[in-house]
Structures are given as structure tokens and as C-alpha cells.
Amino acid sequence: MAEEMEITMNKIADRKIDLNTISSKDGTELNQASRIEAKDVKVWYGDFMAIKGIDMTIKPNTVTAFIGPSGCGKSTFLRLFNRMNDYVEGFKMEGKIKINEDNIYKKKINVEELRKEIGMVFQKPNPFPKSIFENVAYGLKIQGITDKKFLNERVEKALRQADLWEEVKGDLKKSALALSGGQQQRLCIARTLAVKPSIILMDEPTSALDPISTAKIEELIHHLKEEYTIIIVTHNMQQASRISDYTAFFYLGELIEFDKTKKIFTNPEKKQTENYITGRFG
């Protein structure tokens, strides 16, 4: 199921006008990150209320970390931004989520178009059983893009953005499954970047990786925010403090505190936040 959903989200259309893309003087496409706003968002799974009226504004070109104990609603809230929760039986949502002023839960929204703008990196690396090249080019090819020069350029750029090009450039026909875990996760990031999203969602992307691979992913996130809006769910508070500009602390479906990361970790306003940060509960 996760692989099918990622395939859907990584599709790309050969469209002439893209509100999230601007052009430089030489005609080169430049990505423009997106602003996200949530207004009084509530979520139910059947009779269970998972999100209890959350307001949040996420600025473009920032990294926002969602922290909190397991089951607190942070992953559910993350998946609202690309409507992945629509797949879950019993899901119901109230409130508004706007991306660049457009309510993505309005009745006439084109969900396929929405997901072209929002990339997703999952907890465990999930490369397809294809070559490195075919993994990165997959989202482009399924929309009928066959120009070899274009594909080669886009694949190389995505692999460079994911800091993987130098490690694999001589063996792009190699199976992606032969890569290390950390390389596979960067490959999945490259696969996401190849279709030029404006938002990247990451659900604990380093939880299955070793410290060295984790450090590479964190450094990558730091650089990617220059072009993208990034939201990451993490149980690692040290990671949140290292890589994020803003941090949101969730507890039992509520947003307890949302502020600049430095303030959250050094001078939180809420006692619940302080208790979680200092390890007194959670």
C-alpha cells in the first residue's frame, strides 16, 4: 500500500503552467516553496477523534519538525497535507488546509494534481526493484516523458540534490536494492525531487538508518529547504533541534505548542512541552 501511494504521489504531468514554478531569465525552471495553513482542523477515524482542532501556519523554505509521543497525531496531521488519510477507512476531516491560499479539501480539488506538488519520504527506504536510473526517472516516465536528454538531466540533477550522484554516477544501471540503507533513502529522496514538488513530507526518514547515514540525510534536509518547504515527523528530539526552524509538539491529538525550534527547546511556554523535552514523560 505504501509503495502504491508513493507511486501516485510521484506522478508528474507535462503541464505548461505551474503556480509553484517560476522561470529565470534564461528559461530555466526554478522551484518555489509553498506556504501551508491549517485552520481548526479536526480528524476522526470512525468515532475516534485523532486531531482536535489545530491551527498552524508553515512558512515556505523552512523545515518544520513534528514531535510528540507515539499515537499523538503527528503522522496523521502530516498525511493531511497530501490527503493520504483519504485511504484510511472511517477517515473524516473538518476544517481547512490551504496550500498557497487554495483549500485542498474543497470538493472540486484535483487530488492527482495536488500530489504532484507534494513529495513523500517514508520511514523505511522503499526503492523499486529497478535500476538506480529507472527509480529516479520512474515518475517522469509513467507520464510518457521519453526524451532521453531530458530524463538524463533530470535524473542527474535529482541525484546531485540528494547528494548521491558521486557515489552512483558510474553504475546507474545497478539495482537500487544493492545500495546500502542510507543510499536507498537518499535514492528515494532523489525520486521525489525528480518530479519537482514544492513540499516534501518526511515521516521519520532516518529511524531505520545508522548514525552516519542519518547525518547525511540531516545535512541534505538543511540544503533542500532553500528550494522546498519541508515537514518532518521525528521521535528524535536532538534531530528536531538540529535540523528544524520550527517545532510543533503534539500530545493526544492536540497541538500543545508551536514556535521557533530554539524557543521550544530552550524556553517553552507550556509545562507539558518542557516535561516532554526533558524526558519527564512521553
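Couple of notes before you dig in:
- Region 203-236: number of residues that are farther than 18 Å from F77 by Cα and of a type in the set (A, V, I, L, M): 8
- Residue in region 197-206 that is in contact with a Gly (Cβ under 6 Å, 6 or more places away or on another chain) and of a type in the set (V, I, T) present: yes
- Any pair with Cβ under 6 angstrom, 6 or more apart, that starts in region 129-141 at a residue that is more than 10 Å from R191 (Cα to Cα) and in contact (Cβ under 8 Å) with a residue 12 or more places away in the chain and ends at one that is crowded, with 18+ Cβ neighbours inside 10 Å and acidic (D, E): none
- 2 or more residues on the phi < 0 side of the Ramachandran plot, in contact (Cβ under 8 Å) with a residue 60 or more places away in the chain and not small (G, A, S): qualifying helices (runs of 4 or more DSSP H) within region 159-267: 181-193, 211-224, 237-243
- Residue check, G119 within 22 Å of the chain's Cα centre (by Cα), touching a residue at least 60 places away in the same chain (Cβ under 8 Å) and part of a helix (DSSP H, G or I): no
- Those residues of region 122-158 which are part of a helix (DSSP H, G or I) and not hydrophobic (A, V, I, L, M, F, W, C), in sequence order: E134, N135, Y138, G139, K141, K148, K149, N152, E153, R154, E156, K157
- Residue in region 154-165 that is farther than 24 Å from Y228 by Cα, out of contact with any Ser or Thr (no Cβ under 8 Å at 6 or more places or on another chain) and not small (G, A, S) present: no
- Residue under evaluation T234, criteria (1) among the hydroxyl-bearing types (S, T, Y); (2) touching a helix residue (DSSP H, G or I) at 6+ places or on another chain (Cβ under 8 Å); (3) modelled with pLDDT under 95, criterion not met: (3)
- Scanning region 240-277 for residues that are closer than 25 Å to H222 by Cα and β-branched (V, I, T) turns up I243, T247, T261, I264, T266, T273, I277.
- Filter result (surrounded by 20 or more Cβ atoms within 10 Å (Cβ to Cβ) and either of a type outside the set (A, V, I, L, M) or at pLDDT below 95 (or both)) within region 163-182: G182
- Scanning region 49-86 for residues that are in a loop (DSSP other than H, G, I, E, B), in contact with a helix residue (DSSP H, G or I) (Cβ under 8 Å, 6 or more places away or on another chain) and not charged (D, E, K, R) turns up G68, P69, N82.
- In region 248-271 there is no residue that is polar (S, T, N, Q), closer than 23 Å to T57 by Cβ and crowded, with 22+ Cβ neighbours inside 10 Å.
The values are calculated or read from the model by the stated rules, or taken from the named source; none is laboratory data. What you are looking at is a predicted structure, and each value in this text was computed from that prediction instead of being measured. For neighbour counting, all protein chains shown are included, and Cβ atoms are generated from backbone atoms with ideal geometry for every residue, glycine included.
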